[in-house]
Amino acid sequence: MYDYLIYDFDGTLSDTYPIFTEAFLKMMEKYGIPQDYDTVYGFLKQSVGAAISNYDFPMSKKEARAEFEEIYQPIAVEKQNLFPESEEILRFGLSKNKKNYVYTHSGLWVYALLNRMGIRDCFDFVLDSTYDFPRKPDPTALNFMIEKCGIDKSKALMIGDRDLDIEVAHAAGIHACLIDTDNFYPDLKSEYRIKTLSELKEII
């Protein structure tokens, strides 16, 4: 049904949020801000910006995001891993002549992760933050990828774990699949909703 599979990276293919939370808690500790793992995790599940906005850091949001990235990146490169089903579903898609893409807000260092994880060869194109487009759910970056890669919108599926991933897909005029293991978005409208990536086999 779908020949072009566009994956979000963090929280979709990669088990990112525990690493996000570890890094964010380190930043909170630095500034003496009281910490609660589950609360921080919930904010980060929305976005890093949402987490920053909910705490009183002694700098601008832009500066706080930059500091968070400095703390997070080395931890991620060392410790962050794929979800168990990620490589299997990526290679399943390739075996069915599908094309895989990544659309991530992460910078160039994401390639170090893809290489360490052994999945860099699974993707036709990786759209990272150095392209400097507006962030999701603005569709500018996704539309750029669609045009650059010759993606047929009627055969494209965006797979992500957040409302932003579903919203950006719909804004660009393509279908979406929400992976929502913990039922974090019970009311979000999406063409498909799954608990694990392996369920994609029945969709694509």
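The values are calculated or read from the model by the stated rules, or taken from the named source; none is laboratory data. Values in this document were obtained by computation on a predicted structure and should not be read as measured data. Heads up, the Cβs are rebuilt from the backbone with ideal geometry, glycines too, and the neighbour counts pull from every protein chain shown.
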Considering only residues that are free of Cβ contacts under 8 Å to residues at least 24 places away in the same chain and closer than 17 Å to Ser106 by Cβ, which ones fall in the stretch 51-61? Ile52
Residue in the stretch 135-162 that is nearest to Ile203 (Cα to Cα), counting only those that are surrounded by fewer than 18 Cβ atoms within 10 Å (Cβ to Cβ) and under 15 Å from the mean Cα position of the chain (by Cα): Pro137
Specify which of the listed residues (Ala76, Ala112, Ala64) is farther than 30 Å from Cys149 by Cβ and either touching a helix residue (DSSP H, G or I) at 6+ places or on another chain (Cβ under 9 Å) or touching a residue at least 40 places away in the same chain (Cβ under 8 Å) (or both). Ala64
Among the residues of the stretch 1-39, count how many are assigned to a helix (DSSP H, G or I) and either polar (S, T, N, Q) or without any contact (Cβ under 8 Å) to a residue 24 or more places away in the chain (or both). 8
Hey, Ser190 polar (S, T, N, Q) and in a loop (DSSP other than H, G, I, E, B) or not: yes
Is it the case that the stretch 180-203 has a residue that's in contact (Cβ under 8 Å) with a residue 24 or more places away in the chain, of a type in the set (S, T, N, Q) and surrounded by fewer than 20 Cβ atoms within 10 Å (Cβ to Cβ)? yes
Inside the stretch 150-179, can you point out the residues that are free of Cβ contacts under 8 Å to residues at least 24 places away in the same chain and part of a helix (DSSP H, G or I)? Lys153, Ser154, His170
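A quick yes/no check of all residues on (1) within 16 Å of Ser14 (Cβ to Cβ); (2) not in a helix (DSSP H, G or I):
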{"position": "Ile52", "(1), (2)": "no, no"}
{"position": "Pro58", "(1), (2)": "no, yes"}
{"position": "Lys62", "(1), (2)": "no, no"}
{"position": "Phe68", "(1), (2)": "no, no"}
{"position": "Ala76", "(1), (2)": "yes, no"}
{"position": "Pro84", "(1), (2)": "yes, yes"}
{"position": "Phe92", "(1), (2)": "no, no"}
Selection status of Ser86, in the same structural domain as Arg135 (by TED's automatic domain parsing), over 20 Å from Thr130 (Cβ atoms) and either without any contact (Cβ under 8 Å) to a residue 24 or more places away in the chain or loosely packed, with under 14 Cβ neighbours inside 10 Å (or both): no
